[in-house]
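The structure appears right after this line, and notes come after that.
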Amino acid sequence: MTTIKDIAEKAGVSIATVSRVLNYDETLSVAESTKKRIFQAAEELNYKKHTKKKPQNGSITIIHWYTEKEELEDLYYMSIRLGIENRCEALQINYNKYVYDDFIKQDQEAIKAIVAVGKFSPEQAKKLGSYTDAIVFVDSNPAADTHDAVIANFKKVTRKIMDYLTAGGHHNIGYIGGRETYRLEEHPIKDQRETTFKKYMQSHDLDASTIYTGRFSVEDGYNLTKQLLKETKKENRPTALFLANDTMAVGCMRALHEEKQRIPDDLSLVSVNDISISKFMYPPLSTVKVYTELMGETAVDLINERLSGRREVSKTVEVATDLIIRESSKRLK
């Protein structure tokens, strides 16, 4: 099992610096490059390397909807990226990387294959399809009839969390999540976690009004938790919080600690993603593990299939998830 000492040695920094970076300590003054090195070291040590196979023909263009700086606020996408890159390196496939904004501004030469990571609208999928028909989308499925996709089913993820909480006696459950728009567009993206949470609560005759949304960031996890605590009386406060991702959970925990709220005695927390830092939080975070590295690997394998001749039928691969119970949550009964 990876330790903070392992991460510190790989990143070339002190154990104290690693601990403060992994907990998004706002009082720490450290360069973005150092943060990136630490987070990437944590992800890579958590990643199972594969042996190299025989070289494959061709190259892949990887298009991200997040910059590498933005990845530091949502390590979910960093983990997918590392899965793609490590799979390419294991298969000795060349690749180029772009952020979507930069890619569409440039006059591109012949594009053989694209792996598009993040949320893309149908219009953006059509735009990418003008470069090549060998495309796989990772984390969205905007063109299922024509292009491949690798996804996690966040409806199932949400039901796993809600089944666990309600079976443990939690019926007053709050939700803290994020909302997004497509890059360079203003169209809102419907988040399956929030919509499924509402439907689940309503179908079980439970109050679904304790919902706070912002950005999927540490800062908003902190601010929204502060807002929840301010706006709810202790006797009516949720006994459990469903957090839409682990980085929001980092901010939530910080706010709860500042307000002297005990985790999980006063509030149980369950989140989504199980990024590498989840086990290093205080207390360690209960979360649904999304196999992000495998999503990245699978995307590269699907592209290889496309380049090897499969053109007529598109595939959508849904990667399974696991609920990991740690010390941030407990049963009431």
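The values are calculated or read from the model by the stated rules, or taken from the named source; none is laboratory data. Computed from a predicted structure; not experimentally measured. Please note: Cβ atoms are built from the backbone with ideal geometry, for glycine as well, and neighbour counts cover all protein chains shown. Surface areas here come from the heavy atoms of the whole protein model, side chains and all, with no ligands, DNA or RNA. Shrake-Rupley method; radii C 1.70, N 1.55, O 1.52, S 1.80 Å.
Note on residue 5: aspartates and glutamates with a C-alpha under 15 Å away, same-chain residues under 8 apart excluded, are 43, 44. Think of a 1.4 Å ball rolled over the protein heavy atoms: segment 281-333 then has 48 Å² of accessible area per residue. Summarising the strand pairing of the chain, around 15 percent of its internal DSSP beta bridges are antiparallel. Restricting the calculation to alpha carbons of segment 217-333 gives Rg and Dmax of 18.6, 62 angstrom.
Greater than 27 Å separation of Cα atoms is the criterion. Which listed pairs, 199/330; 105/156; 198/234; 97/119; 105/289; 233/330, meet it? With Cα atoms farther than 27 Å apart: 105/156; 105/289. Summary of packing: across the peptides 258-268, 61-71, the per-residue average of other C-beta atoms within 10 Å ranks them, highest first, as 61-71, 258-268. Each Lys and Arg adds +1 at its Cβ and each Asp and Glu adds -1 at its Cβ; summed about the Cα centre, the chain shows a dipole of about 760 debye. Neighbours of residue 278, meaning other residues whose beta-carbon lies under 13 angstrom from its beta-carbon, give a summed charge of -2 when Lys and Arg score +1 and Asp and Glu score -1.
The order of the peptides 72-78, 167-173 by mean Cβ neighbours within 10 Å, most packed first, is 72-78, 167-173. Share of carbon and sulfur in the accessible area of the chain stands at 47%, probe radius 1.4 Å. Listed peptides 276-289, 179-192 appear in the order 276-289, 179-192 once ranked by packing, highest mean of other Cβ atoms within 10 Å at the front. Count Lys and Arg as plus one, Asp and Glu as minus one, and take only other residues whose Cβ is under 11 Å from that of residue 254; the net charge is then -4.
Any chance you could give the angle, 0 to 90 degrees and rounded to 10, that helix 292-307 forms with the longest Cα principal axis of the chain? Relative to the chain, helix 292-307 is tipped by roughly 20 degrees.
For the pair residue 153 and residue 190 in one chain, pulling the backbone fully straight at 0.36 nm per residue adds 12.0 nm over the alpha carbon distance. Once the C-beta distance of residue 102 and residue 332 is scaled by a Förster radius of 35 Å, the resulting FRET efficiency is 0.10 to the nearest 0.05. Stretching residue 171 away from residue 25 to a fully extended chain increases their span by 49.3 nm, per 0.36 nm per residue minus the current alpha-carbon distance. Mind jotting down the distance between the C-alpha centroids of segment 256-308 and segment 110-129, whole Å? Using only Cα atoms to place each centre, the spacing works out to 26 Å. Residue-wise HN-Hα couplings along segment 65-79, as the Karplus relation 6.51 cos²θ - 1.76 cosθ + 1.60 with θ = phi - 60° gives them from phi, are 9, 10, 6, 5, 5, 5, 4, 5, 8, 8, 5, 3, 6, 4, 5 Hz; Gly and Pro carry x. In the full protein context, segment 61-176 carries 37 Å² of accessible surface per residue, based on a 1.4 Å probe and ignoring ligands, DNA and RNA.
Maximal additional length on extending the residue 133-residue 322 stretch stands at 64.8 nm, based on 0.36 nm per residue less the C-alpha distance.
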